[in-house]
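The values are calculated or read from the model by the stated rules, or taken from the named source; none is laboratory data. As the structure is a prediction and not an experimental result, all values here were calculated from the model. With ideal geometry, Cβ positions are generated from the backbone for all residues, glycine too; neighbour counts draw on all protein chains shown. Accessible surface is based on the protein model in full, side chains and every heavy atom, while ligands, DNA and RNA are left aside. Shrake-Rupley method; radii C 1.70, N 1.55, O 1.52, S 1.80 Å.
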Amino acid sequence: MRLLHTSDWHLGRSFHRESLHDAQRAFLDHLVAVVRAERVDAVLVAGDVYDRALPGLEAVALFDDVLHRLADLGVPTVFISGNHDSARRLGVGAGLIGRAGVHLRTDPGECAVPVLLADEHGPVAVYGLPYLEPTLVRERFGLARGGHAAVLGAAMDAVRADLATRPGGTRSVVLAHAFVTGGAPSDSERDIAVGGVAAVPATVFDGVHYAALGHLHGCQTLAPHLRYSGSPLAYSFSEATHRKTMWLVDLAADGSVGAERIDCPQPRPLARLRGRLDDLLSAPEHAEHEQSWVQATLTDPGRPSEPMEQLRRRFPHTLQLLFDPQESEAAASPSYAARVSGRADLEIAEGFLRHVRPGAEPDAEELGWLREGFETVRESDDRKAELPR
């Protein structure tokens, strides 16, 4: 069975205020063309269809259009909701839409209810695990406590229990939206950590033939059966070196996996340039980036006059300007934002306690209060996102 694995479309997202509407439409045109040309048997979309819980009308129109086109091809498609999506909104009409072969899996209670496909080698059970926010789904899985690993583990236990009731030789595929240990993040994913415990072990997915992962925006292979497709477009300059692709997966009769990457069209390349303003404006090696989207980091000891205007004379698509002055006092004294960059909320809070109480480490009870506070805020934010507007 031939599967096309993609994720993290983020329909409606812009890139540093540059509209990506046309680029997202071009990607969806490309996806439909690949489905047709490669004789794909099923499409897997592993979450973050939209960029926000309440998407704009243009984003909804893109999604509506691609649903119709995939249905017209007669190719089954399975979607799951991601942490950017509103599961309730994305899942509206799921039962009716499913009759057209487009299966929206947004309800945590249906993790063990597969979409059943078949080829000449027998049945394939496709399980859609939507993004599982621990504070919202623990009770559904009979858990009193636990984070991402616990709830995803419980969902996979239900999947394996259902698989055990299927005919022998049934091949299994799971879609999941999670941060799996060993994956490499970028700057454009929304943090799903509560107290720094977002990562789940790869062993959670033991017992299935292929796990189509979403959430991380870089295409990567954690194991032959465990892959991230990554986002089809770059959504941050940290992705400047990414090759944006989808996975074309061949699931053999014995459940073994072969996969190749299918490149996605890009609106323009990304470039991260660093140096003194005069050097950036004159160095011949930067000529190849003159039509790229540019992030420029200026290292001049003093801030130049009208730097963005000067840069855009050579690089008209400069979108982000950063300053990292060298040979100055500022270089030896990084900002607070720089000092906490990349640190989890709980770690920052622990650092604050150490700062205001020199020599006193936070005890277990205090750490418990902090973790509970972060979980309460996250749960409140998630519940607000699900309320009708």
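Look at where the Cα atoms of segment 231-261 and of segment 84-103 average out, and the two centres are 24 Å apart.
Report the percentage of all Cα-Cα pairs in segment 34-164 whose separation exceeds 18 Å, rounded to a whole percent. Of the Cα pairs, 57 percent sit more than 18 Å apart.
Counting heavy atoms of the protein chains alone, residue 84 has an accessible area of about 10 Å² for a 1.4 Å probe. A simple charge model with +1 on the Cβ of Lys and Arg, -1 on the Cβ of Asp and Glu and nothing else charged puts the dipole of segment 117-271 at about 220 debye relative to its Cα centre. Scalar couplings 3J(HN,Hα) for segment 164-180, obtained by applying the Karplus form with A = 6.51, B = -1.76, C = 1.60 to θ = phi - 60°, are 5, 8, 7, x, x, x, 5, 8, 10, 10, 10, 9, 8, 10, 6, 9, 8 Hz; x denotes Gly and Pro. Specify the residue with the greatest mean-square fluctuation among 186, 305, 86, computed from a Gaussian network of the chain linking alpha-carbon atoms under 10 Å apart. Taking springs between Cα atoms under 10 Å, the residue moving most is 305. Counting charges near residue 286 (Lys, Arg +1; Asp, Glu -1) among other residues having Cβ under 11 Å from its Cβ returns a value of -2.
Rounded to the nearest 5, what is the percent of antiparallel bridges among the DSSP beta bridges in the chain?
Percentage antiparallel, nearest 5: 35.
In whole percent, what relative contact order does segment 110-255 give with Cα contacts below 8 Å and a gap of six or more residues? It rounds to 20 percent for segment 110-255. How much of the accessible area of the chain, probe 1.4 Å, is carbon plus sulfur, in whole percent? The value for the chain is 51 percent carbon and sulfur by accessible area. Would you look at the GNM of the chain, springs on alpha carbons closer than 10 Å, and say which of 252, 271, 176 moves the most? So, out of 252, 271, 176, the one fluctuating most is 252.
What size of dipole, in debye to the nearest 20, comes out for the chain about its Cα centre when the only charges are +1 on Lys and Arg C-beta atoms and -1 on Asp and Glu C-beta atoms?
560
Computed on the Cα atoms alone, the convex hull of segment 264-327 gives a volume of 82 cubic angstrom per residue. For the pair residue 348 and residue 36, the difference between a 0.36 nm per residue extended length and the Cα-Cα distance amounts to 107.4 nm.
Phi angles of segment 182-190 translate, via the Karplus equation with coefficients 6.51, -1.76, 1.60 and θ = phi - 60°, into HN-Hα couplings of x, x, 9, x, 10, 7, 9, 8, 6 Hz per residue; Gly and Pro are given as x. Applying both filters, DSSP loop and at most 12 other Cβ atoms within 10 Å, to the chymotrypsin sites (Phe, Trp or Tyr not before Pro) of segment 109-217 eliminates every site.
Highest mean packing first, where packing is the average number of other Cβ atoms within 10 Å per residue, the peptides 53-61, 115-123, 155-163 line up as 155-163, 53-61, 115-123. The mean accessible area for residues of segment 47-204, using a 1.4 Å probe and ignoring ligands and nucleic acids, is 42 Å² per residue.
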